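Structure record follows, encoded as structure tokens.
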Amino acid sequence: MSENCIFCKIVANELPSKKVYEDDDLLAFLDISPLAPVHILVIPKHHIVSLQDVTDSDQPWLGKMMALVPKLAAENGCEPGPDGGFRIVVNSGQHGGQEVDHLHLHILGGPRPWSGRASLTA
Ligand code: 5GP
Ligand code: ZN
């Protein structure tokens, strides 16, 4: 756990969140400021700043995280098939538009148009 990290505090239940999935490695919860009808954040429970800090040893939980995406999307209102689907976004670093410095994957879905920051929804 990293002090002053809001996502570590969510993992530790020191801040509230609307959780939609949890296991030993990963946590998923609703974004506090949704940019699409479905907007879920998936994070590793341990603190890692961004995708720039990932190494080969991170492959197991990263693979698990990616494999979890379609399941969470389907369970939380993303429509299936070619007329539905979802977008995933992983902002990394300042140039990548990252605001919270704990690696997170956005799942965005639901009927368009979406009304949000262009960096995530365009
Ligand atoms: P970033 O721009 O870093 O990729 O995205 C950070 C995301 O975290 C934003 O979409 C923002 O709405 C969300 N967020 C920031 N603080 C909180 C919080 O305390 N709780 C939840 N659920 N989401 C948060
Ligand atoms: Zn953290």
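The values are calculated or read from the model by the stated rules, or taken from the named source; none is laboratory data. Quick caveat: nothing in here was measured; it's all calculated off a predicted structure. Every residue, glycine as well, gets a Cβ built from its backbone with ideal geometry; the counts of neighbours run over all protein chains shown. Surface accessibility is based on the protein's heavy atoms, side chains included, excluding ligands, DNA and RNA. Shrake-Rupley method; radii C 1.70, N 1.55, O 1.52, S 1.80 Å.
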Give the accessible surface of segment 6-109 per residue, rounded to a whole number of Å², with probe radius 1.4 Å and ligands, DNA and RNA excluded. 54
What dipole magnitude, in Debye to the nearest 20, does segment 6-109 give about its Cα centre under +1 on Lys/Arg Cβ and -1 on Asp/Glu Cβ? 180
How much of the accessible area of segment 17-57, probe 1.4 Å, is carbon plus sulfur, in whole percent? 51
For residue 18, counting only lysines whose alpha-carbon sits under 16 Å away and dropping same-chain residues fewer than eight positions off, the answer is 9, 45
Output the lone cysteines of the chain: those with no second cysteine's C-beta under 4.7 Å from their C-beta. 78
Sorted by average packing, counted as other Cβ atoms within 10 angstrom per residue and highest first, what order do 71-80, 47-56 take? 71-80, 47-56
When only the heavy atoms of the protein chains count and the probe is 1.4 Å, how do 25, 83 rank by accessible area, highest first? 83, 25
